[in-house]
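Chemist: Before I ask anything, here is the structure I am working with.
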Amino acid sequence: MAALLRLPGGTRDASEIVEALLVAASVRDTTAPDLAVRWRQIADDIGDALDQLPPPTTSQEKQ
């Protein structure tokens, strides 16, 4: 399944979501380990998708 996220902060916001999922997963390791595994997988999937994006270009590179 694919999803389209529209984030005002772009990849920076997506990176924050990944970090939040990882922190939340670490909190749930003992009380809900299955949920923690799922959240880590989601974070990994988002991180992998971010890694596939082309690097940003600066205005100097366009000249």
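Chemist: Hey, any hits in the range 2-16 for a residue that's of a type in the set (A, V, I, L, M, F, W, C), assigned to a helix (DSSP H, G or I), open to solvent by less than 70 Å² (accessible area, probe 1.4 Å) and at pLDDT below 95?
Modeler: Scanning the range 2-16, I find at least one residue that is of a type in the set (A, V, I, L, M, F, W, C), assigned to a helix (DSSP H, G or I), open to solvent by less than 70 Å² (accessible area, probe 1.4 Å) and at pLDDT below 95, so the answer is yes.
Chemist: Within the range 29-45, track down each residue that is open to solvent by 100 Å² or more (accessible area, probe 1.4 Å), over 17 Å from the mean Cα position of the chain (by Cα) and either at positive phi or of a type in the set (D, E, K, R) (or both).
Modeler: Taking the range 29-45 first, the residues open to solvent by 100 Å² or more (accessible area, probe 1.4 Å) are 30, 34, 38.
Narrowing further to those that are over 17 Å from the mean Cα position of the chain (by Cα): 30, 34.
The answer is ASP34, and nothing else.
Chemist: Something else: What number goes with the only condition from (1) touching a helix residue (DSSP H, G or I) at 6+ places or on another chain (Cβ under 6 Å); (2) without any contact (Cβ under 8 Å) to a residue 24 or more places away in the chain that ASP44 does not pass?
Modeler: The failed condition is (1).
Chemist: Can you confirm whether ASP48 is open to solvent by less than 100 Å² (accessible area, probe 1.4 Å) and not in a helix (DSSP H, G or I)? Give the steps one after another, and end with the answer.
Modeler: Numbers: open to solvent by less than 100 Å² (accessible area, probe 1.4 Å): yes; not in a helix (DSSP H, G or I): no.
It is false that ASP48 is open to solvent by less than 100 Å² (accessible area, probe 1.4 Å) and not in a helix (DSSP H, G or I).
The values are calculated or read from the model by the stated rules, or taken from the named source; none is laboratory data. Because the structure is predicted, anything quoted here is derived from the model rather than measured. Here Cβ is always computed from backbone atoms with ideal geometry, including for glycine, and neighbour counts include all displayed protein chains. Ligands, DNA and RNA are stripped out before the accessible areas are found, and what is left, the full protein with its side chains, is counted by its heavy atoms. Shrake-Rupley method; radii C 1.70, N 1.55, O 1.52, S 1.80 Å.
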